[in-house]
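Only one structure is covered here, and it is reproduced in the block below.
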Amino acid sequence: MRCCLLLLGLYLTVTLVLPLYTLLAKSLQNKDGHFVGFANFARYFADPAMLQSFANTVHVSAIGTIITLLLAFLYAYALTRTCMAGRGFFRAVALIPLLAPSLLPGLALVYLFGNQGIFKSLLFGHEIYGPIGIVMGEVFFAFPHALIILVTALSVADGRLYEAAESLRARPARIFLTVTLPGCRYGLVSASLVIFTLIFTDFGVPKVIGGSYNVLATDVYRQVIGQFNFQMGAVVGLLLLLPAVLSFAADRIMQRKQVALLSARAVPLQPKPRPLTDRVFFCLAAAVAGFLLLVLGMALFGSLVKLWPYNLSLTLKWYDFARAGTDGWGPYFNSLRMAALVAAIGTAIIFGGAYLVEKSRGAGRLRAILHLLAMIPLAVPGIVLGLSYIFFFNAPDNPLNFIYGTMTVLVVNTICHFYTVSHLTAITALKQVDAEFESVAASLKVPLYRTFWRVTVPVCLPAILDISVYLFVNAMTTVSAVVFLYSAETKLMSINAINTDDAGNTAAACAMGMTIVATSAALKGLHSLILRRVERRTQAWRKR
Amino acid sequence: MVEPSFALAQIELDISMTSKSPYLRIERVSKAFGDFQALKDISLDVQAGEFVCFLGPSGCGKTTLLRAIAGLDIHNVGTIIQNGIDISALPPSQRDFGIVFQSYALFPNLNVVDNVGYGLVGGKMSRTQIKARIAELLAMVGLVAQGSKYPGQLSGGQQQRVALARALAMSPGLLLLDEPLSALDARVRQHLRGELKQLQRRLAVTAIMVTHDQEEALAIADRIVVMNEGRIEQIGTPIDIYRHPTAAFVADFVGQMNFVPVDCESEGRVRLGEAILDVNGESPMAGAAATLCIRPEDIQIRGVVVGQGNSVAAVIERVEFLGSFCRAELRLVCGRRLHADFSINAMRDLSLAPGQDLHIALPADRIRLFPVPVSAASHHG
């Protein structure tokens with residue numbers, strides 16, 4: 001048991017702590033590897049161009065956050081607090097962006113508002129390439145993340161509070177301000193922190209549609225890949241950690257103020273039909289869902305027409321990747337292979353690790369440290385993690401240097417990148433399993449691994465499937481971390497799409513993006529099918 | 001109907017009883033969680049076949065002691081000897097016990113048969129032997145028809161029986177019960193309590209049950225270990241604990257008790273207001289203050305003559321009807337208050353009602369004295 005815990009600790013140290021440490025060290029060194037203190041930072045802040053992209057990043061992140069938060073709140077309110085028609089449909093549509101790589105909205109926006117876009121006139125002469133495009137793309141990209149948090153926050157409500165407010169003759173606006181808003185205050189804050197961080201660190205959207213408008217994430221890429229300036233890349237990478245650190249502090253402060261809103265006696269709120277309100281929210285939700293579908297539909301359409309906008313007849317030629325002068329279908333199978341490996345190995349490591357952290361006895365401090373380590377990846381943007389991996393694994397004196405440029409490093413990196421959410425999912429599921437199972441097994445002289453296989457895994461199977469699908473879909477769509485780590489043999493589909501777009505072939509890039517969406521969607525579909533099967537077969541006990 | 005193996009166990013049990021070496025010996029066990037001292041120097045012997053209850057308020061350390069015996073939370077100091085073997089350092093899997101938790105901890109994805117047979121599979125028994133053993137266990141707890149059901153489909157009482165059958169499957173020498181009845185309805189609880197005791201007698205298995213319910217402990221235990229703040233306050237048979245509490249905490253925790261401050265006049269005599277009362281047993285030195293304890297049902301009212309020894313004048317302030325008896329609040333001449341339980345008969349015969357003056361007697365052999373200050377008595381005034 002303790003041995004396994006130590007192994008997990010070693011794994012997290014090698015794949016997370018040491019790379020991040022190398023990044024930190026690099027930012028304090030000069031090109032020859034000598035310690036220079038904060039000289040790199042001083043140079044950074046003395047460079048007006050660099051400072052400009054910092055300001056740019058804050059600017060688009062702030063605007064993007066406000067718009068996303070507003071839309072997501074209204075949408076979440078419509079889903080949870082009204083009786084509008086088609087709530088299931090709207091909920092499903094809102095989650096579509098999760099299936100797409102973040103460059104896809106960028107590509108779609110080029111078709112919609114670019115120089116030859118259908119709706120170019122709506123920009124009144126402004127360019128889509130730049131802050132406008134970035135904000136629009138980021139709203140699409142960040143929307144489902146904000147929505148999930150806000151739907152959760154709004155679902156938890158004590159119906160009795162509303163009855164009390166109504167019986168005291170409070171008007172709807174007052175009830176909203178005194179009951180609804182305070183009730184989801186925490187959700188609002190964490191949603192805004194999460195999406196600010198997401199937008200602040202996203203690479204895909206600004207890469208595709210940013211034009212000459214520089215942001216930190218594209219700066220890192222340019223510094224490292226374009227100019228081989230690793231030290232400056234490390235400095236910018238550390239700056240990208242800023243919002244996560246601020247979020248962490250804010251979260252701590254909030255949590256201290258947060259009190260349990262739901263007591264055991266609370267009665268869940270059942271929304272009552274309000275014809276006018278329901279209709280208004282239906283229109284709002286339809287508009288948002290329409291925007292999401294428009295973006296996705298545009299990317300699909302763009303990938304299917306012969307020559308936008310001159311020849312709109314349909315064709316599948318952009319999906320013939322071999323002819324498009326790129327690497328053919330190789331990257332697609334690389335992506336599939338990586339996603340499958342990440343899902344299989346990652347689920348085993350993360351769920352097994354969470355089990356050890358949650359259920360083993362003794363070694364309390366070690367388990368607490370492991371849990372803390374598992375939380376770190378959430379705060380580390382992909383681009384920073386990718387950078388750390390180059391610094392760590394590409395170092396000639398690292399004995400693990402041989403995995404650099406292989407599929408292994410991509411898999412290990414991606415597992416690490418999406419570790420936290422999977423870990424938390426596993427911990428939540430494990431917490432719901434009776435804490436005394438292990439004690440009972442011990443009293444019956446049954447070895448722990450057998451109880452793990454026979455009881456814990458079957459009971460947690462839905463969570464395990466969730467984790468593996470989450471890992472698979474994210475491995476398919478991720479760009480930011482792996483963009484530093486791929487080699488000619490391990491090029492991934494999402495990266496190929498970026499390169500193809502860079503080369504000016506937007507239609508083929510769209511086709512690649514859509515192939516990823518289709519694969520993710522297919523896997524999600526498969527997941528719900530399997531889940532239903534599994535539930536019928538092995539989860540018979542869940543029925544009463 | 002006693003199976004041969006149990007009969008054999010009974011013989012062995014008799015031998016060990018006569019030889020008087022305890023089945024379980026706990027010696028000077030202490031356990032700390034960080035700064036919190038959960039167990040303070042606990043020593044206790046449990047005889048084979050005995051049913052012992054650990055009784056105390058929540059946080060008194062009773063569950064910690066049970067978990068130490070199981071090896072689930074290993075104690076810091078002291079030794080635990082089971083059947084002549086020092087098990088202090090052994091992990092739970094190498095100890096000989098079956099355990100039933102308050103939550104039952106039934107595996108939700110396994111049906112009743114698989115739950116009960118969980119510890120049997122993979123052992124030395126053949127498939128048919130296992131099947132027979134499971135059938136025997138299910139018959140024992142009266143769940144023969146429920147074998148293919150999942151725990152979620154059973155009632156609380158049935159789940160509790162499954163947990164019990166699972167714990168007994170390997171015929172452990174020691175059965176540990178961690179508040180096994182407290183998640184059940186009052187009626188089911190009373191019924192299962194009787195069954196549990198019968199089963200334990202029949203199997204002659206040594207059992208230790210943790211409970212915070214004094215009524216349950218009194219009804220089921222051969223001996224009760226009353227615990228408070230990590231210490232053992234008293235060990236004794238239920239009657240012992242109830243009749244002769246050796247500590248004010250026990251007197252207060254088990255059953256109803258009147259606590260009245262008195263002064264010691266001389267050896268065996270105390271002053272309560274104007275009245276002088278005789279007291280059997282030990283009493284503090286003359287001139288010292290003490291606390292007098294007497295149970296409400298021990299206060300006599302019938303046939304008390306004015307001027308009789310140990311009698312006091314009182315007036316009934318309030319009467320609370322409690323079904324089979326009434327609890328009256330009496331005010332003594334000196335202003336002190338006492339609770340007294342009167343049977344419905346007495347209430348009728350003597351036509352007792354609030355405001356009525358009467359003479360009561362506090363029998364000398366029912367009074368216990370504890371030195372002042374008694375922390376437990378403080379809130380009784």
**Item:** Cβ-Cβ under 8 Å pairs, at least 6 apart or on other chains, segment A:1-25 side open to solvent by 20 Å² or more (accessible area, probe 1.4 Å), far side polar (S, T, N, Q)
**Value:** A:Met1/A:Ser360; A:Arg2/A:Ser360; A:Cys4/A:Ser360; A:Leu20/A:Ser388; A:Thr22/A:Ser388
**Asked** Just one of B:Glu233, B:Glu229, B:Glu267, B:Glu215 is on the phi < 0 side of the Ramachandran plot, in contact with a strand residue (DSSP E or B) (Cβ under 9 Å, 6 or more places away or on another chain) and among the acidic types (Asp, Glu); which is it?
**Response** B:Glu233
**Prompt:** Would it be correct to say that A:Leu378 is open to solvent by 10 Å² or more (accessible area, probe 1.4 Å), assigned to a helix (DSSP H, G or I) and touching a residue at least 40 places away in the same chain (Cβ under 8 Å)?
**Reply:** yes
**Asked** Does segment A:313-350 hold any residues that are over 16 Å from A:Ser520 (Cβ atoms) and among the polar types (S, T, N, Q), and which are they?
**Response** A:Ser313, A:Thr315, A:Thr326, A:Thr347
**Prompt:** Failed condition for B:Arg161, given (1) over 19 Å from B:Ile220 (Cβ atoms); (2) in contact with a helix residue (DSSP H, G or I) (Cβ under 6 Å, 6 or more places away or on another chain); (3) open to solvent by 10 Å² or more (accessible area, probe 1.4 Å), with all others met?
**Reply:** (1)
**Item:** Given (1) free of Cβ contacts under 8 Å to residues at least 60 places away in the same chain; (2) closer than 30 Å to B:Phe51 by Cα; (3) assigned to a loop (DSSP other than H, G, I, E, B), index of the condition B:Gly287 fails
**Value:** (2)
**Message:** Of everything in segment A:26-67, what is more than 16 Å from A:Thr201 (Cβ to Cβ) and among the hydroxyl-bearing types (Ser, Thr, Tyr)? Give them in sequence order.
**Reply:** A:Ser27, A:Tyr44
**Item:** Of all residues in segment B:143-154 being without any contact (Cβ under 8 Å) to a residue 40 or more places away in the chain and open to solvent by less than 60 Å² (accessible area, probe 1.4 Å), the one that is farthest from B:Pro108 (Cα to Cα)
**Value:** B:Leu143
**Message:** I'd like to check something: does segment A:155-174 contain any residue that is part of a loop (DSSP other than H, G, I, E, B) and on the phi > 0 side of the Ramachandran plot?
**Reply:** yes
**Prompt:** How about segment B:96-121: which of its residues are touching a Lys or Arg at 6+ places or on another chain (Cβ under 7 Å) and either modelled with pLDDT under 85 or hydroxyl-bearing (Ser, Thr, Tyr) (or both)?
**Reply:** B:Tyr118
**Fill in**
Considering only helices (runs of 4 or more DSSP H) wholly within segment A:391-487, the ones with at least 1 residues that are closer than 30 Å to B:Lys124 by Cβ and without any contact (Cβ under 8 Å) to a residue 12 or more places away in the chain are A:437-443, A:448-451
**Request:** With respect to A:Val135, determine if the residue is buried (at least 19 other Cβ atoms within 10 Å of the Cβ), within 18 Å of A:Ser212 (Cβ to Cβ) and hydrophobic (A, V, I, L, M, F, W, C).
**Result:** yes
**Prompt:** So how many residues does segment A:68-89 have that are part of a helix (DSSP H, G or I), open to solvent by less than 10 Å² (accessible area, probe 1.4 Å) and of a type outside the set (A, V, I, L, M)?
**Reply:** 2
**Asked** Residue check: is A:Leu316 in contact (Cβ under 8 Å) with a residue 12 or more places away in the chain, closer than 25 Å to A:Ala509 by Cβ and surrounded by fewer than 16 Cβ atoms within 10 Å (Cβ to Cβ)?
**Response** yes
**Message:** Within segment A:428-440, does at least one residue satisfy the condition of being more than 14 Å from chain B (Cβ to nearest Cβ) and open to solvent by 20 Å² or more (accessible area, probe 1.4 Å)?
**Reply:** yes
**Asked** Would it be correct to say that A:Val384 is open to solvent by less than 10 Å² (accessible area, probe 1.4 Å), assigned to a helix (DSSP H, G or I), over 19 Å from A:Ile345 (Cβ atoms) and within 14 Å of chain B (Cβ to nearest Cβ)?
**Response** no
**Asked** If A:Ile225 satisfies every condition in (1) surrounded by fewer than 24 Cβ atoms within 10 Å (Cβ to Cβ); (2) assigned to a helix (DSSP H, G or I); (3) at pLDDT 85 or above but one, which is the exception?
**Response** (3)
**Scan of segment B:27-57 for residues that are buried (at least 22 other Cβ atoms within 10 Å of the Cβ) and more than 21 Å from the chain's Cα centre (by Cα), ordered by number** = B:Lys31
**Asked** Within segment B:121-140, is there a residue that is touching a residue at least 24 places away in the same chain (Cβ under 8 Å) and under 30 Å from B:Thr237 (Cβ atoms)?
**Response** yes
**Item:** Answer from A:Ala249, A:Ala217, A:Ala234 - the residue that is surrounded by 22 or more Cβ atoms within 10 Å (Cβ to Cβ) and over 27 Å from A:Ile132 (Cβ atoms)
**Value:** A:Ala234
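Condition check ((1) outside any loop (DSSP other than H, G, I, E, B); (2) over 13 Å from A:Ala379 (Cβ atoms)) across all residues:
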site	(1), (2)
A:Val194	yes, no
A:Thr197	yes, no
A:Val205	yes, yes
A:Val208	yes, yes
A:Gly211	no, yes
A:Asp219	yes, yes
A:Val235	yes, yes
A:Leu238	yes, no
**Prompt:** Do we have B:Asp365 as of a type outside the set (Lys, Arg), under 33 Å from the mean Cα position of the chain (by Cα) and open to solvent by 50 Å² or more (accessible area, probe 1.4 Å) here?
**Reply:** yes
**Prompt:** Does A:Phe393 meet the test of being surrounded by 21 or more Cβ atoms within 10 Å (Cβ to Cβ) and more than 14 Å from chain B (Cβ to nearest Cβ)?
**Reply:** yes
**Message:** For segment A:65-103, give me the residue count where each residue is within 22 Å of the chain's Cα centre (by Cα) and among the charged types (D, E, K, R).
**Reply:** 1
**Request:** Tell me which residues, restricted to segment B:312-352, are in contact with a Phe, Trp or Tyr (Cβ under 8 Å, 6 or more places away or on another chain), open to solvent by 30 Å² or more (accessible area, probe 1.4 Å) and among the aromatic types (Phe, Trp, Tyr).
**Result:** B:Phe325
**Prompt:** Residues of segment B:53-69 being among the hydroxyl-bearing types (Ser, Thr, Tyr) and more than 14 Å from chain A (Cβ to nearest Cβ), which ones?
**Reply:** B:Ser58
**Message:** I'd like the residue in segment A:444-468 that is open to solvent by less than 10 Å² (accessible area, probe 1.4 Å) and under 30 Å from A:Ile96 (Cβ atoms) and, out of all such residues, is nearest to the other protein chains (Cβ to nearest Cβ).
**Reply:** A:Cys460
**Request:** Report the residue count in segment B:317-344 for those that are out of contact with any Leu (no Cβ under 6 Å at 6 or more places or on another chain) and not in a loop (DSSP other than H, G, I, E, B).
**Result:** 18
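The values are calculated or read from the model by the stated rules, or taken from the named source; none is laboratory data. Just so it is clear, the model here is predicted, and its values are computed rather than measured. Methodologically, a virtual Cβ is constructed for each residue, glycine included, from the backbone with ideal geometry; neighbour enumeration extends over all protein chains shown. Surface areas here come from the heavy atoms of the whole protein model, side chains and all, with no ligands, DNA or RNA. Shrake-Rupley method; radii C 1.70, N 1.55, O 1.52, S 1.80 Å.
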